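This report refers to the structure that appears directly beneath it.
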Amino acid sequence: MNRKQTFACLLLLTLSYPVHAFEVDEFKSGMSREKVKETLNSWNFDKIQDFSQETLIAFDLGSKGTNRQLVFSFCNDKLVSFEQEVKPSLKIFINTVNKFNAKYGQPSKIEADTGVISTGEKNTLALFWRNGIDTIGIRMLLLPSNDQILLSHQTPNNCWKVPR
């Protein structure tokens with residue numbers, strides 16, 4: 001293969017690379033805020049709240065006995081980040097990390113941190129994998145009042161650095 005053919009192949013691969021990559025359930029990066037809200041209507045959340053210009057949160061109030069919470073982040077009215085809270089347990093954390101390792105290989109980034117917040121000590125362990133241009137992550141937060149596990153899907157954007 002000569003240089004021109006090689007360049008043409010690389011150009012074709014680059015142009016065919018997906019611009020909007022992540023897709024979780026019915027949510028795809030690049031969706032508008034209104035389309036996300038419309039899609040959420042069929043999910044029967046107790047509350048869908050515009051938290052800020054770039055953040056939309058859907059959650060249950062606890063009356064259903066569920067721990068559902070989804071956080072959508074937008075850049076220029078396009079979905080660029082999807083975060084889901086899951087039941088906090090070490091078993092779920094380990095099983096999810098194992099699943100992500102099998103699917104995406106070893107993590108591309110690991111963050112471990114400890115600090116103090118107003119109610120006591122906060123400990124964090126986060127692992128991130130790359131999937132094309134996207135970053136997939138799991139973050140476990142150990143807090144004085146409760147623990148959290150957050151799964152995230154993020155795509156590069158002009159508003160902030162990924163992962164965040």
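Quick notes
- The residues in segment 132-150 that are under 16 Å from Glu83 (Cβ atoms), in contact (Cβ under 8 Å) with a residue 60 or more places away in the chain and either among the basic types (Lys, Arg) or surrounded by fewer than 17 Cβ atoms within 10 Å (Cβ to Cβ) (or both) can be counted, and the count is 1.
- Where a residue in segment 103-122 is under 13 Å from Ile138 (Cα atoms) and its partner, wherever it lies, is outside any strand (DSSP E or B) and of a type outside the set (Phe, Trp, Tyr), with Cβ under 9 Å and at least six apart: Pro107/Val97; Pro107/Asn101; Lys109/Pro163; Glu111/Pro163
- Selected residue [more than 16 Å from the chain's Cα centre (by Cα) and among the hydroxyl-bearing types (Ser, Thr, Tyr)] from Ser73, Ser108, Ser145, Ser152: Ser145
- Wholly enclosed strands (runs of 3 or more DSSP E) of segment 65-164 bearing at least 1 residues touching a Gly at 6+ places or on another chain (Cβ under 9 Å) and among the charged types (D, E, K, R): 78-86, 109-117, 120-131
- So Lys99, is it over 26 Å from Leu40 (Cα atoms), modelled with pLDDT under 90 and under 18 Å from the mean Cα position of the chain (by Cα): no
The values are calculated or read from the model by the stated rules, or taken from the named source; none is laboratory data. Computed from a predicted structure; not experimentally measured. Counting neighbours? That spans all protein chains shown, and the Cβs are built from the backbone with ideal geometry, glycine included.
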